[in-house]
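Read the structure below first, then the notes.
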Amino acid sequence: MNFSKAKGPLQENEPVVFLDRKDREYLFRLDRGRPVAIRGGKISVDEIIGHDEGSVVRSSVNEPFLVFRPSMPQLVPNLPRSAQVIYPKDIGSILVWADLFPGARVVEAGVGAGALSMALLRALGDDGQLISYEIRADFVELAQKNVARYFGAAPNWTVKIGDVAARLEEREIDRVILDLPEPWHVIEPAWKALRPGGILLSYLPTVLQVKSFVDGLRNDKRFACIETTETLMRFWHVKGMSVRPQHRMVAHTGFLTSARRLADGQKDIPRGIDS
C-alpha cells in the first residue's frame, strides 16, 4: 500500500500523526498488536482505525489528541534518523528548482533517513524511476525501513550502496540530485548520466562548499543556468489581537545550487565578469 495516496477512513498499518493541545506532533503507525503510548497514557489502535482524519481521540489519562495522516512537513522532522534530515522548506525548493515531474528518471545521492527519497517518489509518481546511491549501508537500511513504514510500497525505487562519483552508470537521466559534501567530484559522472537539458542540483550546508561546486561547474563549461539559492522560513503567531512573527525561525539550513547540462559537444557561452 502506498500511504502517500491514502484517503478515506484511517486503516491498519498506516502512519498517523497525533497533535496535542500545544500542537506538538507524535508520529506512530497503526499496529493492532501495539497500543499507542503517548504522554504517559495509551490509546487503543482499534479506537482509531475506521475514523476519519481530523478526529479527536483521548488517551487512557483523558488527554485529547487530533489524529491525521502526516503531511510531508509533519513527517520529515519526526522521522527516525541517525543524521540530520533535509528540512521540509528545502525539500519544497528542491522539488521546484529541480523541476521534478511525474514519470521522470532521477538519480539521488545521499539517502540519509529517506525523507527526500519519499518526496521524490511522490513527485515522480508510479511511472517515474528513482535510483538512490548511498555510501553507508546503515543509512540505506534506515532509509528503506522509513520508506516502507511511512511511505509504503515503492517498486520504482532502486538503492545502490557505493560512491556515486565512481559508480554512477545510468544514462538518459532527467535529474541528478546530490546531498553529499563534495559534489564537485560528481560533475563529470553527472554530465554523462544526464540527458541534454537535464538538471543537476546539489544541497550543501556551507558557502565554501558552494563556491567549490560552482567553480567546478563553470570551469567544466558543459553546464549553464547555474544558480544558488537558500530558503528562509518564518512562522507567525496569530492569536486574538496578538499578531507577530514567532521569536524563533527556521533560518539557514542549506544552499541549493542547480545547473543544466548542455548538448553534446557544446560549451557555455562567454560571459561578462559580473555575470
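Before moving on, here are some points about what is shown:
- The trypsin sites (Lys or Arg not before Pro) of the range 144-188 that meet both conditions, a loop assignment by DSSP and at most 12 other Cβ atoms within 10 Å of the site Cβ, are R171.
- Among residues other than F68 with Cβ under 10 Å from its Cβ, the summed charge is -2 (Lys and Arg +1, Asp and Glu -1).
- GNM on the chain, alpha-carbon springs under 10 angstrom: the most fluctuating residue among G197, G216, G240 is G240.
- Among residues other than L256 with Cβ under 10 Å from its Cβ, the summed charge is -3 (Lys and Arg +1, Asp and Glu -1).
- Cross-link partners of K145 among aspartates and glutamates (Cα-Cα below 13 Å; sequence separation of 8 or more within a chain): none
- Where trypsin sites (Lys or Arg not before Pro) fall in DSSP loop in the range 185-240, at most 16 other Cβ within 10 Å: K221, R234
- Loop-located chymotrypsin sites (Phe, Trp or Tyr not before Pro) in the range 147-248, at most 16 other Cβ atoms within 10 Å (DSSP): F235
- Estimated Rh, the chain: Kirkwood, alpha-carbon pairs, angstrom: 20.5
- Accessible area (Å², 1.4 Å probe, nearest 10) - E170: 20
- Summed residue charge, Cβ within 11 Å of Y203's Cβ, Lys/Arg positive, Asp/Glu negative: -4
- Choice from V238, V45, V250 showing the highest fluctuation, given a GNM over the chain with Cα pairs closer than 10 Å: V238
- Using alpha-carbon coordinates, inclination of helix 115-124 to the longest axis of the chain, degrees: 80
- Surface per residue (accessible, 1.4 Å probe) for the chain, Å²: 52
- Helix axis angle, 137-150 relative to the chain longest principal axis, alpha carbon, degrees: 50
The values are calculated or read from the model by the stated rules, or taken from the named source; none is laboratory data. Remember, it's a predicted structure, so these values are computed and weren't measured experimentally. So basically every Cβ, Gly included, is an ideal-geometry build from the backbone, and we count neighbours across all protein chains shown. Just the protein is used for accessible areas: all its heavy atoms, side chains included, with ligands, DNA and RNA removed. Shrake-Rupley method; radii C 1.70, N 1.55, O 1.52, S 1.80 Å.
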